[in-house]
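Inspection log for the structure reproduced underneath, given as structure tokens.
The values are calculated or read from the model by the stated rules, or taken from the named source; none is laboratory data. As the structure is a computational prediction, the values presented were derived from the model and not from experiment. Methodologically, a virtual Cβ is constructed for each residue, glycine included, from the backbone with ideal geometry; neighbour enumeration extends over all protein chains shown. What goes into the accessible areas is simple: the full protein's heavy atoms, side chains included, and nothing from ligands, DNA or RNA. Shrake-Rupley method; radii C 1.70, N 1.55, O 1.52, S 1.80 Å.
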Amino acid sequence: MLDWTPNQDNLYELLSLLLDAAEPQHGHNQLTINEKLDSFHHIPEYPLYLTYILTRLQQHGKIRSVAGVVLKNFILTHFNGLHLSVLDYIKHACQLAILHPDNDPLVRKAVELVVTALITQAQVHNWFEMFLLLTNQMMQGNDLQVEIALMTMCKICEDCNRDLVREINGQCPLDIILPRLIRFFDHPDRRLQVCAMAAASQFISAGVSSSTNFDHYLAAILRHLHAHPDPSIHQEICRTLVMMASAQPHKLIPYCHDIMQYMIKCLQDPEENVAMEACDFWPECVDTPAFQPHLIDSIPQIVPILVNHMMYIDDDLSLAEPLSPDPDFISPPSPPSPSLMAASSQAVSQQRQSSPPSPTHPLSTPDEPHPPSPATDRPHSAPRPNSDMSDDDNMTLDENADFEDDEFYSEWTLRKCCASALECLITAHSQQVIEVLFTLLPDRLGHPDWKMRESGILALSTVKPEGISAMIPYLPIVIPYLLQSIYDSNPQVRATSCWTLGRYSKWTVSQFYDPQARTMVYEPVLTALLRRMLDADRDVQTSACIAFTTLEEESSGRELVPYLRPILTSMKRAFSFYRDHNKNVLFDTLATLAEATQSALQEPEYMEMVMAPLIDRWNELADDDTNWFPLLSCFCSVTTALGAKFQPFAEIVFARCLYFIDSTLKISLTTDEAPNIDFQINALDLLSSLAQGMGSAISPFVVDSNLLTLLDVCVRDPMTEVVTSTFALIGDLAKVCFDPLEPFLPSFLSGLIDQMHLEYFHCNNALWCVGEIAVRWGPAIEHYLPDLLARMIPILLSPDVARASVQENTMVALGRLGSACPEVMASYLPQFIQPWLEMAITAQSYNEEEKDSAFVGLCDMIRVNPQAGRKHLDIILMAISQWPMAPPQLHQGFETILHGYKNMLPPMEWMDAYNTLPFSSQQSMTSLYRL
């Protein structure tokens with residue numbers, strides 16, 4: 001077939017179509033063109049035509065390049081269906097195209113893509129002659145031959161690096177290609193130089209360190225640290241060194257000082273891409289102990305550069321330019337004045353509102369108690385241009401259109417990169433970094449330019465909880481400063497201040513328990529964040545909600561309950577004018593509040609304030625609106641918190657959940673369309689929360705619906721997330737309304753057993769669900785024990801410590817099965833008692849009720865088969881000693897087996913085991929169990 005020639009009519013038809021694809025004319029829809037091209041896929045000779053057009057035609061560079069791209073995509077998607085003769089034709093044509101490269105760069109690039117696609121799909125060893133052709137041509141030939149060979153090899157290195165580190169015919173391709181790539185590091189053509197460096201770096205994490213050429217590779221990189229002014233070279237060197245620091249840090253230790261100084265220099269490069277690559281080096285450094293002395297010495301050089309880069313530049317600001325006025329954006333009501341503080345605190349707050357703080361006072365160290373000045377920190381979103389506002393309560397709304405695409409704001413910038421690097425440095429060396437930081441911040445935080453102030457607060461936000469201890473001396477100054485800057489006239493400063501206050505939430509919450517600190521710190525922070533929730537600017541709203549959510553997460557609930565009225569008042573008002581994105585953020589804030597305060601929300605006044613915005617949102621959403629997801633998630637937390645008080649809303653919520661499950665399953669089972677399973681998952685999760693909150697009161701809804709029939713389908717769903725939520729719901733229903741489940745249990749258990757594999761994500765929920773069923777079904781589960789134990793015992797015995805939580809759930813489930821069927825389970829006990837006991841002693845994640853019931857089952861099994869535990873009596877005693885006061889049923893079980901062993905064993909054997917306990921534990925157990 002190597003002499004194949006095309007039919008001229010067919011060739012002309014395809015050329016016309018490719019011309020339309022290359023240069024779309026009016027009236028030619030690109031989708032229609034693609035559909036026509038796809039229609040050729042069933043023609044066996046279609047790839048031959050594309051290859052012919054790419055490699056044999058003269059001129060028509062655009063058409064030929066399009067043909068090459070289409071051929072590349074065809075190879076990637078239909079490679080296994082290619083006939084060998086067709087594949088040989090393509091390979092032969094590509095070899096000629098490499099040996100005799102076209103003058104058109106678009107055509108050459110298309111050839112490179114096709115060759116790479118073939119090698120990627122066929123693997124290197126099946127077309128090794130092409131690999132050898134490329135490596136040889138890289139080193140000899142004219143400029144075009146060298147270029148096309150190197151560029152193709154670079155793409156192969158990127159896509160097939162794992163194949164290139166495996167031996168082929170007794171030779172490792174990497175040992176052939178790496179020396180050739182290194183020689184290009186000194187090539188006069190910067191494009192080829194960068195390409196070779198990028199190609200070589202692909203092997204850093206794929207095995208280059210074991211290559212005999214690695215030392216030459218590293219030496220070549222280091223030789224170029226100061227050899228070139230070209231930014232693209234420095235960018236590639238920085239990227240390479242970052243990869244080495246991550247994958248092979250020990251190789252860099254001898255050169256650590258020089259490399260750090262080079263990275264510091266590159267961090268200051270005017271070319272942003274170079275600085276960003278250098279910035280990525282510092283997070284990698286903190287993980288290598290041998291780097292730390294050099295890193296600590298360099299902190300005074302690094303931190304000022306990072307902070308300088310954290311100021312907004314014009315490109316950052318352009319991300320947040322208002323798109324157009326939004327006439328539908330409703331002005332929010334005036335912010336409330338929550339009665340959170342004593343009169344003196346309110347006076348301070350009012351003074352701040354009416355007289356925005358002057359930015360002229362620099363933030364001072366604890367030894368120099370000067371008045372604080374406004375500071376800011378970074379929120380999740382991009383900044384907005386400043387608007388001149390002098391009074392907090394008279395702020396006008398920004399004119400942003402309702403542009404709520406998070407991707408628009410998510411571009412990774414040098415500013416964000418430096419903030420991330422500073423965060424890593426503070427976490428690793430908090431004392432040293434913070435000392436340097438606070439020599440820089442006073443001038444920034446007191447600067448009249450809002451961008452300068454904002455960058456200082458962004459630096460303050462990089463302190464994670466791990467480094468908070470070094471910040472504590474400064475917090476009495478930092479927090480009041482942020483409380484002033486949160487009322488700044490610039491919305492970005494306000495947003496960043498909210499975000500930063502949220503970062504110090506753990507410390508803020510700790511101030512609640514000191515009356516003076518509560519008045520001076522905790523309550524002002526609470527009030528400030530609530531006011532900013534009602535800000536006119538959407539970014540400020542978002543940051544305030546996120547910060548308040550963080551504060552809720554750090555709270556035990558007790559610190560929030562006294563302030564529920566003003567908190568819920570602010571949230572209710574915010575819901576009345578927020579747009580979709582911020583409503584969803586606020587739903588998360590409300591959900592976290594419910595999780596923290598729980599039954600405190602059951603007061604009628606609070607219930608009305610919680611449910612009103614939820615009901616409004618419920619009634620305004622269409623069935624297919626994805627904004628249901630955050631709403632349903634919020635309902636999960638609220639229903640659990642309200643418990644039985646949720647009864648008036650239960651029927652409509654239950655029905656909506658059934659609708660989402662049923663409609664998703666119908667789409668999945670009756671059409672070729674892929675449904676949005678998040679509707680199904682969120683509905684299942686909300687039903688679980690209803691069961692947990694309402695308890696047995698959910699039983700009538702279950703009995704009068706087709707829920708269990710739907711669950712019988714869900715339990716075998718191919719999607720992991722669906723199955724995980726289904727098992728959780730079945731377990732929750734088993735706890736509160738077991739009788740309706742019983743007819744479905746044989747089918748449910750079949751599905752549960754099928755999913756009990758250690759590598760399955762949902763194995764945890766399957767094990768927990770089986771335990772809940774066993775406790776209530778009792779001996780009726782005996783029929784399923786062989787299949788259950790065939791899955792569960794290997795999981796418990798597995799050495800995969802990374803899945804310890806699965807093994808803990810296995811331990812609990814085995815214990816509960818022992819309580820349900822002690823006679824049968826006792827015969828299996830010798831197979832798992834030792835790992836069971838060891839897991840029971842060390843496990844931490846299961847709750848007390850589950851732990852108690854598991855040990856009740858162990859006692860029942862030992863009572864039937866005491867010999868199974870005889871060799872492990874010392875571990876049994878150690879496990880029992882963990883209970884200072886066991887519940888009555890468990891206490892009785894412990895006492896029975898302890899006396900049983902003491903009476904059964906020779907006195908010396910008993911005492912040998914008993915004496916393994918600490919003396920204090922012996923005394924306690926002797927008293928508790930009358931030993």
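Where residues in segment 741-781 are assigned to a helix (DSSP H, G or I), among the aromatic types (Phe, Trp, Tyr) and open to solvent by 10 Å² or more (accessible area, probe 1.4 Å), which of them is nearest to Met719 (Cα to Cα)?
Trp768
Could you check Tyr914 against (1) at pLDDT 95 or above; (2) open to solvent by less than 60 Å² (accessible area, probe 1.4 Å) and say which number it fails?
(1)
Just wondering, is there one or more residues in segment 160-170 that are part of a helix (DSSP H, G or I), over 17 Å from Leu50 (Cα atoms), of a type in the set (A, V, I, L, M, F, W, C) and open to solvent by less than 40 Å² (accessible area, probe 1.4 Å)?
Scanning segment 160-170, I find at least one residue that is part of a helix (DSSP H, G or I), over 17 Å from Leu50 (Cα atoms), of a type in the set (A, V, I, L, M, F, W, C) and open to solvent by less than 40 Å² (accessible area, probe 1.4 Å), so the answer is yes.
With the condition kept exactly as written, say whether any residue in segment 430-443 is more than 22 Å from the chain's Cα centre (by Cα), modelled with pLDDT of 90 or more and in a loop (DSSP other than H, G, I, E, B).
No, there is no match, as no residue in segment 430-443 is more than 22 Å from the chain's Cα centre (by Cα), modelled with pLDDT of 90 or more and in a loop (DSSP other than H, G, I, E, B).
Based on this model, can you work out whether Ala691 counts as modelled with pLDDT under 95, aliphatic (A, V, I, L, M), assigned to a helix (DSSP H, G or I) and more than 18 Å from Ser819 (Cβ to Cβ)?
For Ala691, the condition - modelled with pLDDT under 95, aliphatic (A, V, I, L, M), assigned to a helix (DSSP H, G or I) and more than 18 Å from Ser819 (Cβ to Cβ) - is not met.
Applying the selection to segment 833-854, what residues are in contact (Cβ under 8 Å) with a residue 40 or more places away in the chain, in a helix (DSSP H, G or I) and farther than 20 Å from Pro779 by Cα?
Gln834, Trp836, Leu837, Met839, Ile841
Out of the residues in segment 90-114 that are of a type in the set (Lys, Arg) and open to solvent by less than 70 Å² (accessible area, probe 1.4 Å), which is nearest to Gln58 (Cα to Cα)?
Arg108
Mind listing whichever residues of segment 475-491 are under 32 Å from the mean Cα position of the chain (by Cα), farther than 17 Å from Ile546 by Cβ and not polar (S, T, N, Q)?
Passing the criteria: Leu475, Val478, Ile479, Leu483.
Name the helices (runs of 4 or more DSSP H) wholly inside segment 8-59 in which the number of residues that are at pLDDT 85 or above is 2 or more.
Of the helices (runs of 4 or more DSSP H) lying wholly inside segment 8-59, those with at least 2 residues that are at pLDDT 85 or above span 8-22, 46-55.
Run down Asp588, Asp535, Asp625 and say which single residue is at pLDDT 95 or above, acidic (Asp, Glu) and part of a helix (DSSP H, G or I).
Asp588
Quick one: would you say Thr626 is open to solvent by 50 Å² or more (accessible area, probe 1.4 Å), β-branched (Val, Ile, Thr) and either closer than 15 Å to Arg656 by Cα or touching a residue at least 12 places away in the same chain (Cβ under 8 Å) (or both)?
Yes.
Just to verify a result, which residue in segment 187-223, among those that are of a type in the set (Val, Ile, Thr) and either under 22 Å from Val146 (Cα atoms) or part of a helix (DSSP H, G or I) (or both), is modelled with the lowest pLDDT?
Selected residue: Val208.
In segment 879-911, which residues are of a type in the set (Val, Ile, Thr) and either over 23 Å from Gly815 (Cα atoms) or open to solvent by less than 50 Å² (accessible area, probe 1.4 Å) (or both)?
Once the filter is applied, which keeps residues that are of a type in the set (Val, Ile, Thr) and either over 23 Å from Gly815 (Cα atoms) or open to solvent by less than 50 Å² (accessible area, probe 1.4 Å) (or both), segment 879-911 yields Ile880, Ile897.
Taking the stated definitions as given, is Tyr46 touching a Pro at 6+ places or on another chain (Cβ under 6 Å), open to solvent by less than 70 Å² (accessible area, probe 1.4 Å) and closer than 22 Å to Asn7 by Cβ?
So Tyr46 fails the test.
Considering Arg503, Arg494, Arg453, which residue is open to solvent by 10 Å² or more (accessible area, probe 1.4 Å), within 17 Å of Ala547 (Cα to Cα) and of a type outside the set (Gly, Ala, Ser)?
Among Arg503, Arg494, Arg453, only Arg503 is open to solvent by 10 Å² or more (accessible area, probe 1.4 Å), within 17 Å of Ala547 (Cα to Cα) and of a type outside the set (Gly, Ala, Ser).
Check Asp672 against each of (1) open to solvent by 30 Å² or more (accessible area, probe 1.4 Å); (2) assigned to a helix (DSSP H, G or I); (3) over 18 Å from Met607 (Cβ atoms) and name the one condition it does not meet.
For Asp672, the failing item is (2).
Give the residues of segment 60-81 that are closer than 15 Å to Lys109 by Cα, surrounded by fewer than 23 Cβ atoms within 10 Å (Cβ to Cβ) and polar (S, T, N, Q), sorted by residue number.
Asn73
How do the pairs read when you match residues in segment 417-429 that are within 13 Å of Arg503 (Cβ to Cβ) with residues anywhere that are assigned to a helix (DSSP H, G or I) and not hydrophobic (A, V, I, L, M, F, W, C), using Cβ under 8 Å and keeping only pairs 6 or more apart or on different chains?
Ile426/Gly467; Thr427/Glu466; Thr427/Gly467
Among Asp739, Asp732, Asp717, which is closer than 15 Å to Asp662 by Cβ and of a type in the set (D, E, K, R)?
Exactly one of Asp739, Asp732, Asp717 is closer than 15 Å to Asp662 by Cβ and of a type in the set (D, E, K, R), namely Asp717.
If a residue has to be outside any helix (DSSP H, G or I) and in contact with a Leu (Cβ under 7 Å, 6 or more places away or on another chain) to count, how many in segment 237-288 make the cut?
The total comes to 1.
Hey, any hits in segment 247-260 for a residue that's more than 33 Å from the chain's Cα centre (by Cα), closer than 29 Å to Leu425 by Cβ, surrounded by fewer than 19 Cβ atoms within 10 Å (Cβ to Cβ) and hydroxyl-bearing (Ser, Thr, Tyr)?
Looking through segment 247-260, at least one residue is more than 33 Å from the chain's Cα centre (by Cα), closer than 29 Å to Leu425 by Cβ, surrounded by fewer than 19 Cβ atoms within 10 Å (Cβ to Cβ) and hydroxyl-bearing (Ser, Thr, Tyr).
Looking only at segment 855-905, which residues are assigned to a helix (DSSP H, G or I), basic (Lys, Arg) and out of contact with any Gly (no Cβ under 9 Å at 6 or more places or on another chain)?
Arg870, Lys902, listed by residue number.
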